[in-house]
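The values are calculated or read from the model by the stated rules, or taken from the named source; none is laboratory data. Everything quoted here is computed from the prediction, not taken from an experiment. Cβ sites come from the backbone with ideal geometry, for glycine too, and all protein chains shown count toward neighbours.
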Amino acid sequence: MPNISLSHIDVCVIFAAMPKAPTDVQISDVTATSARLNWEPAEDDSAGTIESYIIQYRQKYAPGPSYDEITDVLGTEFVVTGLNPHTTYEMRVIAVNNIGRGLPSRHIDVPTGETSKSDYLLTV
């Protein structure tokens, strides 16, 4: 059996973490069935590169804790569609990196508008 002597070992330790929560979540361009969300990545996030975001939303006063999700959102702006008119939603954003999902942002209340009268007009 050979005699092996180690006099020097280089060790490289890489710390990886899930991303921090996005900040400054804001809404704009709210209609009866959609709302535009934009946000900022967490400042000083040492967790590496953000690969995508997840938008979670639910009706504010609906029973149960579950959220609907929109996954694989690229960038820091997204228009959520398919919402119900005259309904308040809770929305929040989650950053995703190669380790996994981070913590969600604070939720923001999004009240949708009412359907316009022209939506009810029929063409004969």
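Residues in the stretch 30-56 that are touching a His at 6+ places or on another chain (Cβ under 9 Å) and among the aromatic types (Phe, Trp, Tyr): there are none. Within the stretch 59-75, at least one residue is modelled with pLDDT of 95 or more, crowded, with 17+ Cβ neighbours inside 10 Å and in contact with a strand residue (DSSP E or B) (Cβ under 9 Å, 6 or more places away or on another chain).
In the stretch 90-106, the residues that are touching a residue at least 40 places away in the same chain (Cβ under 8 Å) and on the phi < 0 side of the Ramachandran plot reach residues that are part of a strand (DSSP E or B) and among the charged types (D, E, K, R) with C-beta atoms within less than 6 angstrom, at least six apart or across chains, in these pairs: Ile94/Arg101; Pro104/Arg92; Ser105/Arg92.
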